[in-house]
Amino acid sequence: MKKIPQLHAITTGEQDIIDLIAIIEVIHPYVDAIHLREKERNASDLQEILLTLRQKGVPLQKMIVNDRADVASAFQVRGVQMAYHSLDVCYVKPCFPNLLIGKSVHSVAEGKQAEGDGADYVLFGHIFSSSSKPGKKAQGLCQLERLVAEVRVPVIAIGGISPKRACEVMRIGSAGIAVMSGIFKHPYPQQAAQMYKKILVNGDENGARKL
């Protein structure tokens with residue numbers, strides 16, 4: 001049976017806690033992982049978010065906390081996402097062996113290094129021009145294809161991936177896609193998550209309702 005590509009939803013850091021929780025509460029059935037990418041929030045804020053999500057029935061095994069391995073471990077979430085400025089994975093993995101550890105990379109060389117350091121997967125981008133990376137050159141599909149061919153760990157593509165472009169990314173052989181604004185800044189986040197998931201399941205845009 002063909003493995004269905006994963007859908008990762010990544011927070012933008014732009015919602016207040018109440019709105020953020022409300023969005024996660026409605027999208028979690030349709031995504032495989034939700035990254036708390038809240039750069040301006042402290043450990044106490046992350047604790048509040050995770051406690052509230054647990055109370056509302058959101059499975060914490062879908063949650064990935066950016067950069068804060070201590071918070072991720074304390075709440076026994078799925079994993080931690082290490083950024084380019086974070087500790088290298090080889091220093092984190094031995095201390096938190098129960099966490100899935102991802103690494104954000106921006107080149108084939110960085111991807112191979114992350115794999116060698118023990119990363120369980122890499123988040124690669126940005127693939128297309130993205131509002132979250134203004135003025136920065138996109139990696140493009142060719143670099144994504146190179147990375148997929150040169151590492152054994154799953155590659156999750158990120159950056160400017162619209163529903164239509166999700167099909168292009170999947171043809172490269174990526175293990176999945178990560179979406180920020182396309183879900184968390186969409187006027188109807190639940191419907192947006194449903195659309196992306198349908199596309200990944202179907203392998204094309206057929207059956208995905210236009211929003």
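The values are calculated or read from the model by the stated rules, or taken from the named source; none is laboratory data. What you see is a predicted model; the values in this text were computed from it and never measured. Positions of Cβ are generated from backbone atoms using ideal geometry, with glycine treated the same way; all protein chains shown enter the neighbour counts. For the accessible areas, the whole protein counts, side chains as well, though only heavy atoms, and no ligand, DNA or RNA atoms are used. Shrake-Rupley method; radii C 1.70, N 1.55, O 1.52, S 1.80 Å.
Structure values in brief
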quantity	calculated
Residue in region 161-177 that is nearest to residue 9 (Cα to Cα), counting only those that are part of a loop (DSSP other than H, G, I, E, B) and open to solvent by less than 30 Å² (accessible area, probe 1.4 Å)	161
Scope region 9-22; condition surrounded by fewer than 21 Cβ atoms within 10 Å (Cβ to Cβ), in contact (Cβ under 8 Å) with a residue 24 or more places away in the chain and more than 13 Å from the chain's Cα centre (by Cα); matching residues	13, 14, 15, 17, 21
Residues (out of contact with any helix residue (DSSP H, G or I) (no Cβ under 9 Å at 6 or more places or on another chain) and open to solvent by 50 Å² or more (accessible area, probe 1.4 Å)) located in region 75-99	85, 94, 97
Yes/no for residue 195 being surrounded by 16 or more Cβ atoms within 10 Å (Cβ to Cβ) and either free of Cβ contacts under 8 Å to residues at least 24 places away in the same chain or in contact with a Lys or Arg (Cβ under 9 Å, 6 or more places away or on another chain) (or both)	yes
Selection within region 23-47 - of a type in the set (Gly, Ala, Ser) and either part of a helix (DSSP H, G or I) or open to solvent by 40 Å² or more (accessible area, probe 1.4 Å) (or both)	43, 44
Any pair with Cβ under 7 angstrom, 6 or more apart, that starts in region 86-97 at a residue that is under 16 Å from residue 121 (Cα atoms) and ends at one that is assigned to a loop (DSSP other than H, G, I, E, B) and of a type outside the set (A, V, I, L, M)	86/67; 89/118; 90/118; 93/118
Selection within region 133-152 - buried (at least 17 other Cβ atoms within 10 Å of the Cβ) and not in a helix (DSSP H, G or I)	139, 151
Matching helices (runs of 4 or more DSSP H) fully within region 64-118 where at least 3 residues are touching a strand residue (DSSP E or B) at 6+ places or on another chain (Cβ under 6 Å)	69-74
Residue match in region 48-68 (condition: closer than 19 Å to residue 159 by Cα, among the polar types (S, T, N, Q) and open to solvent by less than 10 Å² (accessible area, probe 1.4 Å))	no
